[in-house]
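Written out below as structure tokens is the structure these notes cover.
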Amino acid sequence: SEEMTYFADQLAADGYYAIVPDLFRGTATGATNILWNILTVMTTPQERMNTDSDAALKYLKTLGNVDQGRISSGPGFCFGGTQSLVFGSRHKMAATVTCYGTYVKELHDADSKAWGTLKTGGPILGIYGKDDTSPSPKDAEKFGEALEKIGIAHNITIYEGVGHGFIKHTLHKDGDETPVMAWNQIKRFLKGAFQSASTDRRRSLT
């Protein structure tokens, strides 16, 4: 969708490789077609999406200039915010960025098997809206508490005055304060996480 390609282009403009796998294989539609999109999410097998996202990672790693030690899962938004966490639980990433993905409800318990390789990967950034109900601010806080208990470097930010899905490409284009602020936070987070990953790798080689 234009939403995803817009933000992928923003990352590319900053010098990153950005890949956005079409996990619905061409069946998604506009955000206003809510019933269709809910049906698509409910009927698309997670196993198939895992296969497709794995193929995207495999392709990404074939690109000569890609530093395989500095790959992030996400930023993912809404459903993508869930998928960025699922992917990070299956592949050790240098960073994971999730924006209001409901999968955090599976991660309230620090001992849950749902964490997978998130526990051994890089830092995690979670962005949420104060007025959201799914996930709620309480869900985000419990996620943060579990991250703290496990000892994973993280930043959980709950933005005031916004609900679900507030980082929209149309609002970002128009310079709306909160989406711009949140996107800038994502960029700072990725820059810091990748710098740390490079430093850690250099130390391991010396």
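The values are calculated or read from the model by the stated rules, or taken from the named source; none is laboratory data. Nothing here was measured: the structure is a model prediction, and the numbers come from that model. A quick note on method: Cβ atoms are made from the backbone with ideal geometry, for glycine too, and the neighbour counts reach across all protein chains shown. The accessibility values were calculated without ligands, DNA or RNA, using every heavy atom of the protein model including side chains. Shrake-Rupley method; radii C 1.70, N 1.55, O 1.52, S 1.80 Å.
Run the numbers on the stretch 1-88 and let me know its relative contact order in percent, using alpha-carbon pairs under 8 Å that are six or more apart.
Normalised by residue count, the contact order of the stretch 1-88 is 19 percent.
Starting from 0.36 nm per residue, how many nanometres of slack lie between Gln195 and Lys130 once their C-alpha separation is accounted for? Before the final figure, lay out the partial values.
On the way: separation 65, 0.36 × 65 = 23.40 nm, distance 3.03 nm.
Length difference between fully extended and current span is 20.4 nm.
Counting only C-alpha contacts under 8 Å and six or more residues apart, can you give the relative contact order of the chain as a whole percent?
It rounds to 15 percent for the chain.
Accessible area per residue of the chain at 1.4 Å probe, in Å²?
For the chain, the per-residue accessible area is 54 Å².
On the accessible surface of the stretch 41-109, probed at 1.4 Å, how many percent belong to carbon and sulfur atoms? List each step's numbers first, then the result.
Working: 1550 of 3140 Å².
Reported share for carbon and sulfur atoms: 49 percent.
How much FRET efficiency would the formula 1/(1 + (r/R0)^6) give for Arg25 and Asn65, where r is the Cβ-Cβ distance and R0 is 41 Å, rounded to 0.05?
About 0.90, to the nearest 0.05.
Going by amide H atoms built from the backbone, whose H comes under 5 Å of the H on Gly129, apart from near neighbours?
Tyr159
Pick from Val86, Val104, Val66: which residue has the top mean-square fluctuation in a GNM of the chain where Cα pairs under 10 Å get a spring?
Judging by the Gaussian network model, the answer is Val66.
Any idea what the relative contact order of the stretch 51-118 is, in percent, if you count C-alpha pairs under 8 Å spaced at least 6 apart?
It comes to 29 percent, rounded to a whole number.
Of Ala12, Asn155, Ala94, which is farthest towards the positive pole of the chain's charge dipole, taken about the Cα centre with +1 and -1 on the beta-carbons of Lys, Arg and Asp, Glu respectively?
Checked the options; the winner is Ala94.
Along the stretch 8-20, what does the Karplus equation 6.51 cos²θ - 1.76 cosθ + 1.60 (θ = phi - 60°) give for ³J(HN,Hα), rounded to whole Hz, x for Gly and Pro?
4, 5, 4, 5, 4, 5, 8, x, 8, 7, 10, 10, 10
Per residue, what volume in Å³ does the Cα convex hull of the stretch 72-159 take up?
Expressed per residue, the convex hull around the Cα atoms of the stretch 72-159 is 67 Å³.
Once the whole set of protein chains is in place, how much accessible area is left on Asp9, using a 1.4 Å probe, in Å² to the nearest 10?
Spelled out: Asp9, probe radius 1.4 Å, area about 100 Å².
How about Lys191: which aspartates and glutamates have a C-alpha closer than 12 Å to its C-alpha, ignoring those fewer than 8 places off in the same chain?
Asp14
Using only the Cα atoms of the chain, each taken as one equal point scatterer with no solvent, compute I(q) by the Debye sum, divide by I(0), and report log10 of the ratio at q = 0.15, 0.16 Å⁻¹.
-0.98, -1.13
Would you please classify the overall shape of the stretch 108-206 from the alpha carbon gyration tensor, given that a ≥ b ≥ c denote the square roots of the eigenvalues, rounded means a/c under 1.5, and beyond that prolate means a/b larger than b/c while oblate covers the rest?
Working: a/c = 3.11, a/b = 1.31, b/c = 2.38.
Oblate is the answer for the stretch 108-206, as a/c is 1.5 or above yet b/c matches or exceeds a/b.
If you keep only loop residues by DSSP, which chymotrypsin sites (Phe, Trp or Tyr not before Pro) in the stretch 6-49 have at most 14 other Cβ atoms within 10 Å of their Cβ?
Of the chymotrypsin sites (Phe, Trp or Tyr not before Pro), the ones in loops of the stretch 6-49 whose Cβ has at most 14 other Cβ atoms within 10 Å are Tyr17.
Roughly how big is the chain's charge dipole about its Cα centre, with Cβ charges of +1 (Lys, Arg) and -1 (Asp, Glu), in debye to the nearest 20?
820
Report, in listed order, any pair from Lys61/Lys138; Lys58/Lys138; Lys113/Lys173; Lys142/Lys168 with a Cα-Cα distance greater than 30 Å.
Lys61/Lys138; Lys58/Lys138; Lys113/Lys173
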